[in-house]
1. Between Leu107 and Arg72, what is the label-to-label distance in nm when each label sits 7 Å out along the Cα-to-Cβ direction?
2. Explain nothing, just compute: Karplus ³J(HN,Hα) = 6.51 cos²θ - 1.76 cosθ + 1.60, θ = phi - 60°, for every residue of the range 70-84 in order, whole Hz, x for Gly and Pro.
3. For every helix of n ≥ 4 consecutive DSSP H residues, a contribution of -39,500 (n - 2.57) applies; sum these over the chain, divide by its total residues, and give [θ] at 222 nm rounded to the nearest 500 deg cm²/dmol.
4. Between 0 and 90 degrees, rounded to the nearest ten: what's the tilt of helix 52-64 against the longest Cα principal axis of the chain?
5. Peptides 179-187, 40-48, 10-18: what's the order by average Cβ count within 10 Å, highest mean first?
6. Against the longest principal axis of the chain, how steep is helix 33-46, in degrees 0 to 90 to the nearest 10, with axes from Cα atoms?
7. So how tilted is helix 6-17 from the main axis of the chain? Cα-based, degrees 0 to 90, rounded to 10.
8. At a Förster distance of 25 Å, what's the computed FRET efficiency of Glu210 paired with Asp53, Cβ-Cβ distance as r, to 0.05?
Amino acid sequence: MAATPRREVMRALLDAHGRTYAAEAGIRLRDTPQPLYRLLVLACLLSARIRADIAVASAKELTAAGMRDPRRMAAATWQQRVDALGRGGYRRYDERTATQLGDGATLATDRYGGDLRKLRDQAGGDTAGIRRLLQEFPGLGPAGADIFLREAQAVWPETAPYLDAKALQGARTLDLPTTPAALVRLADGTEPAVLAAALVRVALDKKAPEALREAAHS
């Protein structure tokens, strides 16, 4: 079988998986405090060794329980956080994560007044600096910081294109270019955040590459 043109593979990728995790979690991402905080919580949940759909469902449950900003997250009891995570299916790490979310909410309030734009400003808009500061939040290591930046680039254009190692892993499985600039060109106007999320979904799903190649041939 002849190799499928990369542009057709890219089109199939975006058609099948072109949705950010923030959108899936019901976060209307804007450069304002509350959606940025909700994205931080989502990044923390997604960074654990747990299925992405469970992390997304748990983020929704925290929001439904009113824990949508640092003040409300910190004001909630530990048990309320555990219960919300449990309703989302986040049971393996619920107790530790409930503690981390409470501590992280206090840090967000004390250091940044609940506004993560101040974190960005403290880093001078430098992507590496933002990534380093994000990792000061409990439970948010390098992988979590990458998740946050992949999504936040939609409203923090100075960080774009942010295609980290996990996104580039997805590109390799599809025999697509493995440099951010080349991938953005091939995506032909698609937002980098959407492209990054699509590539990550492929990296996490062993069956996705073959299914996308078949879709690109059809």
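1. Distance between label points: 2.2 nm.
2. Residue by residue, the range 70-84 yields x, 4, 5, 5, 5, 6, 5, 6, 4, 5, 5, 5, 4, 5, 5 Hz.
3. On the way: 14 runs with 143 residues, N = 218.
So the helix-based figure for the chain works out to -19500 deg cm²/dmol.
4. 40
5. Details: 179-187: 16.6, 40-48: 24.9, 10-18: 19.2.
Sorting 179-187, 40-48, 10-18 by mean packing, highest first, produces 40-48, 10-18, 179-187.
6. Computed tilt is about 70 degrees.
7. Between the helix axis and the principal axis of the chain, the angle is about 40 degrees.
8. 0.75
Throughout, read-outs are computed from the coordinates displayed, never taken from laboratory work. Note that this is a predicted model, so its numbers are computed, not measured. When we count neighbours, we look across all protein chains shown, and the Cβ atoms used for this are built from the backbone with ideal geometry, even at glycine.
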